[in-house]
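Each value in this text was obtained by applying a stated rule to the coordinates, not by laboratory testing. Here the structure is a predicted model, which means the values were calculated and not measured. So basically every Cβ, Gly included, is an ideal-geometry build from the backbone, and we count neighbours across all protein chains shown.
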Amino acid sequence: AELAVPELAKALYDEEWHVRKVAAEALGAIGPSASSAVYDLIESLGDEEWQVRNPAAKALASIGADAAPAVEVLELALNDEEWPVAVNASTALGNIGSPAVVSIPSLMDALEHQESQVREAAAIALRAIRHESIAVIDSLQLRITDPSPEVGRAAVEAIRSIEASN
């Protein structure tokens, strides 16, 4: 699969958005071994088609820590007009881990998103980054009583995890 990465990265620039979408999905399926395509996937986060931005964010999430160069662009993607992109951007930031600590204020803002899936993904990402600060704990505590039980559960687990790691 690794041998296909350069060709798939090239396909992210195809004029047909369907081709770009499938290329991003394939890179995501390859996972950490697709790390040489990180900069191409960063470009894809700016694609005009959200059906391309979404699998690009998902691919960066599956690459994990090696996707650290994407932190800034993923942070911007938290405000994507299509909420699934914001969910996958949150997941990617969480999977990148401590290098994504700079995105904590943006993830805290995402805890207020109108879509519950985005709020839940932001809480999970904050848990994964595990940076203890009063502001993070306070933001998560406000989500415990979220109308969505999944968000409340993710907030509780994040608080537990952050407090346990310090």
**Compactness index (Cα Rg / 2.2 N^0.38 Å), the range 93-166** = 0.94
**Item:** the chain - mean residue ellipticity at 222 nm from DSSP helices (-39,500 (n - 2.57) per run, n ≥ 4, rounded to 500)
**Value:** -20000 deg cm²/dmol
**Request:** Quick one: P(r) of the range 70-128 from all Cα-Cα pairs, 5 Å bins, percents rounded to integers, in order of increasing distance.
**Result:** 4, 26, 40, 23, 6, 1
**Fill in**
A chain fully extended from Ser33 to Ala164 at 0.36 nm per residue, minus the present Cα-Cα distance, gains in nm 44.0 nm
**Message:** Under 10 Å, Cα contacts only: if you run a Gaussian network model on the chain, which one of Ala24, Ala68, Ala92 comes out with the highest mean-square fluctuation?
**Reply:** Ala68
**Prompt:** If the viscosity is 1.002 mPa s and the temperature 20 °C, what Stokes-Einstein diffusion coefficient in µm²/s follows for the chain when Rh is the Kirkwood radius over Cα pairs?
**Reply:** 137
**Request:** Quick one: plug the Kirkwood hydrodynamic radius of the range 1-92 (C-alpha pairs) into Stokes-Einstein at 4 °C, 1.567 mPa s, and report D in µm²/s.
**Result:** 106
**Asked** Could you give the dipole magnitude of the chain about its Cα centre, charging the beta-carbon of Lys and Arg +1 and that of Asp and Glu -1, in debye to the nearest 20?
**Response** 640
**Complete:** Using the Cα gyration tensor of the range 1-43, the equivalent ellipsoid's semi-axes, largest first and to the nearest Å, work out to 15, 10, 9
**Request:** Starting from the amide H of Asp80, placed 1.01 Å from N in the peptide plane, find each other amide H under 5 Å away whose residue is 5 or more places distant or on another chain.
**Result:** Ala86
